[in-house]
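The values are calculated or read from the model by the stated rules, or taken from the named source; none is laboratory data. Worth saying up front: this structure is predicted, and the values here are computed from it rather than measured. In this analysis, Cβ positions are derived from the backbone assuming ideal geometry, glycine residues included, and neighbour counts consider all displayed protein chains. Ligands, DNA and RNA are excluded from the accessible area calculation, which covers all protein heavy atoms including side chains. Shrake-Rupley method; radii C 1.70, N 1.55, O 1.52, S 1.80 Å.
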Amino acid sequence: MQTLELLTKADLAQFKIQLLKEIEKLLDEKMTVIPNTNNSDVEWIRSKVARQFMNISAGTLQNLRITGKIQFKKVLGSYYYNFPDLKNLFENGKA
């Protein structure tokens, strides 16, 4: 014989919070992975990934952006950088 379990609104609210936290965690993990340098599918990467890839500080990345050495886009307060530009700059040692 099966027992009937009731769900309350509080149970659903708690599930919603847990689900959103797990989704956010997965997205953060996905966005912090440094792309494979042989992979040409990735065109734009976030600031954190760009800094990790080039092993530079936020100030150095900002300087590269201001001086026009790399292409960037600002979307909702976050900067995205053109990965092929970063890759070329890193390989040529001009950073």
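The set of residues in the stretch 74-86 that are open to solvent by 90 Å² or more (accessible area, probe 1.4 Å) and either in contact with a Ser or Thr (Cβ under 7 Å, 6 or more places away or on another chain) or basic (K, R) (or both) contains only K74. Restricting attention to the stretch 47-91, the residues being among the β-branched types (V, I, T), over 19 Å from D28 (Cα atoms) and part of a helix (DSSP H, G or I) number 2. The set of residues in the stretch 45-73 being under 17 Å from P84 (Cβ atoms), open to solvent by 90 Å² or more (accessible area, probe 1.4 Å) and more than 18 Å from the chain's Cα centre (by Cα) consists of K69 alone. State which residue pairs qualify: first residue among the charged types (D, E, K, R) and inside the stretch 65-88, second residue open to solvent by less than 90 Å² (accessible area, probe 1.4 Å) and in a helix (DSSP H, G or I) in any location, beta carbons under 7 Å apart, and separation of 6 or more residues or different chains. Close Cβ pairs satisfying both conditions: K69/L89.
With respect to the conditions (1) open to solvent by 100 Å² or more (accessible area, probe 1.4 Å); (2) modelled with pLDDT of 90 or more, A10 lacks only one, and its number is (1).
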